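Trainee: Handing you a structure now.
Every read-out reported here was derived from the displayed coordinates using simple, explicitly stated rules and does not represent laboratory data. Just so you know, these numbers come straight off a predicted model, no measurement behind them. Glycine also receives a Cβ, built like all others from the backbone with ideal geometry; neighbour counts cover every protein chain displayed.
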Amino acid sequence: MISIDGWRVPGYETKVSCGIKLAGDDLSGFGSFALNSDDGVKPAVVSVTTKIPFLDSAELADLITMAKGTDDNGARIVRTINSDVTQAYKVRKAKFDGDVKSVEDEEVQAWIVTFKLLEKLSTAERTQQQIDGTAAENSQTQVVDGHNSVQHAFENSDGP
């Protein structure tokens, strides 16, 4: 089971999976050591598959409306998500990403619906925002005005 903004995703036989990518590059071509670079933890992807009965077409429409939802600036809305697996991965905020598909299954008289949610404001992103905020607070702006100082010196010089 998974809920999005407190709304339980409709259907039955719902399957929720979650994964992260631990990014890195193979550097072993530069020597005899098995080296690789660590490029951080990328945002989690939550995949959901559920079956919504044909009789519950309004719930399918609600899910599609939620997936298409945008804010005042036209950006997809970041949603609060909750399920056992997303709690384990510490994924709290996500937005719909990629395809939202519905395929008819005549045998069970239901749509098989699949969609993905991409994590937003991950732990790594929040940490980086804190680092960037601290760096901005601790930095001093340097004014470089070389052209004006040269122009001023030229105007004040005696010469032909």
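Trainee: In bins 10 Å wide, starting from 0, what share of all Cα pairs of segment 42-128 does each bin hold, as a percent?
Mentor: 16, 42, 31, 10, 2
Trainee: Applying a 10 Å radius around every beta-carbon, put 69-77, 97-105 in order of their mean neighbour count, most first.
Mentor: 97-105, 69-77
Trainee: Quick one: if you stick a label point 7 Å off each Cα along the C-beta vector at K116 and D25, how many nm between them?
Mentor: Rounded to a tenth, the inter-label distance reads 2.3 nm.
Trainee: Amide H to amide H under 5 Å from C18: which residues, 5+ apart in sequence or cross-chain, H placed 1.01 Å off N in plane?
Mentor: Amide H to amide H, under 5 Å and 5 or more residues apart or across chains, C18 pairs with S47.
Trainee: Then there is this: As an exercise, use a Förster radius of 25 Å and the Cβ-Cβ distance of N73 and K93 to find the FRET efficiency, rounded to the nearest 0.05.
Mentor: E(calc), rounded to 0.05, equals 0.90.
Trainee: Go ahead and collect, in residue order, the members of segment 48-78 whose backbone nitrogen is under 12 Å from a label point 7 Å along the Cα-Cβ direction of Q109.
Mentor: The answer is 53-56.
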